[in-house]
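Written below as C-alpha cells is the structure these notes are about.
The values are calculated or read from the model by the stated rules, or taken from the named source; none is laboratory data. Please read all numbers here as calculations on a predicted model, not as lab measurements. Cβ coordinates were reconstructed from backbone atoms using ideal geometry, including for glycine residues, and neighbour counts include every protein chain displayed. The protein model used for the area step is the full one, side chains on, heavy atoms only, and it has no ligands, DNA or RNA in it. Shrake-Rupley method; radii C 1.70, N 1.55, O 1.52, S 1.80 Å.
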Amino acid sequence: MKESKYVRLAYTIYRVLRNSRIPLFLHRKSNHVFSVWQHIVLLTVRQYEGKSYRMFVEWLIEAYYLRTFLQLSHIPHYTTLQKFAARINGTLLEKIISSFILLLTNFRKIFAGIDSTGFKINHASQYYTERTGLRRKYAKLSIGADVLQQIICIIKIRRAPTRHDNIDFRPIITKIAKILPLSVVTADKGYDSVKTIIFW
C-alpha cells in the first residue's frame with residue numbers, strides 16, 4: 001500500500017481548506033476531539049477508496065502515515081464520520097469547491113454544463129413499496145460543472161424532485177459565474193423555458 005499518495009492528498013486538501021478559510025471547528029462549544037479539516041480529509045479518502053464507513057475505519061488502522069499526518073489522537077468511530085457527513089452544509093461545500101478550482105487549476109473561463117438526476121432516499125425495494133403502499137421518496141441532485149475539464153463547480157440538492165429542472169438554472173449558473181467567467185453554458189431540453197432564455 002502506497003501511503004504517500006494519501007498523505008499528498010491530505011496535504012492538498014489542507015491547502016484548499018486553508019485558502020477557503022474553513023475553520024477548524026464549526027462551533028465554539030465543540031468537543032474539539034476531531035477537527036473539521038480532519039473529518040473532510042477522512043471523508044474524501046473514504047470516497048476515494050470506495051469503502052463503507054465501517055470498512056474505512058478498519059482500513060484506517062493500517063494507514064499509519066495518514067494518521068500521523070492528520071495527528072489523529074485515535075481512530076474515530078464510523079458513526080462519527082457518518083454524523084459529520086450529515087451535518088456538513090451546501091455553503092461549506094461550495095466554498096471548498098470554489099477554492100479548489102481557483103487554487104489548483106489554471107482555468108481562465110468555465111465551459112459550464114448543467115444537469116440533474118434523482119435518487120431514492122430510502123432502501124425499500126420497489127416490490128416492498130408497491131405491496132405496502134408506501135410513497136416513494138426521492139431527492140434531486142443538480143450539478144453545474146466544467147464540461148471540458150470534468151470538474152464539478154456547484155451542486156444543489158432538493159427534497160422536492162417534482163419541481164421543474166429550470167428552477168435551478170439561474171442560481172447554479174450565477175454561482176458558477178462568481179468563481180470564474182463563463183465561456184459557454186450547455187444544458188438539455190429539461191432547462192428549456194422562456195425564463196431561462198431571457199436570463200441567459
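Quick rundown of the values:
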{"read-out": "Label of the coordinate-derived value, semi-axes √(5λ) of the Cα gyration tensor in Å, listed as [x] 36, 18, 14; [y] 32, 25, 15; [z] 27, 23, 13", "value": "[y]"}
{"read-out": "Two-site label geometry, T174 and T186: point separation in nm, points 7 Å out along Cα→Cβ", "value": "2.6"}
{"read-out": "Label-reachable residues, the range 71-94, where backbone N falls under 17 Å from a point 7 Å from Q149's Cα toward its Cβ", "value": "94"}
{"read-out": "Probe 1.4 Å, accessible area per residue of the range 1-135, Å²", "value": "67"}
{"read-out": "Over the range 21-155, relative contact order from alpha-carbon pairs under 8 Å, at least 6 apart, %", "value": "19"}
{"read-out": "Rounded, prolate or oblate (a/c below 1.5 giving rounded, otherwise prolate when a/b exceeds b/c) for the range 73-189 by Cα gyration tensor", "value": "oblate"}
{"read-out": "Length added when fully stretched, V33-K95, from 0.36 nm per residue minus Cα-Cα", "value": "20.0 nm"}
{"read-out": "Nearby lysines by direct alpha-carbon distance to K109 (threshold 25 angstrom, same-chain neighbours under 8 apart not counted)", "value": "K95, K156, K175, K178, K189, K195"}
{"read-out": "Surface share of carbon and sulfur [accessible, 1.4 angstrom probe, percent] for the chain", "value": "54"}
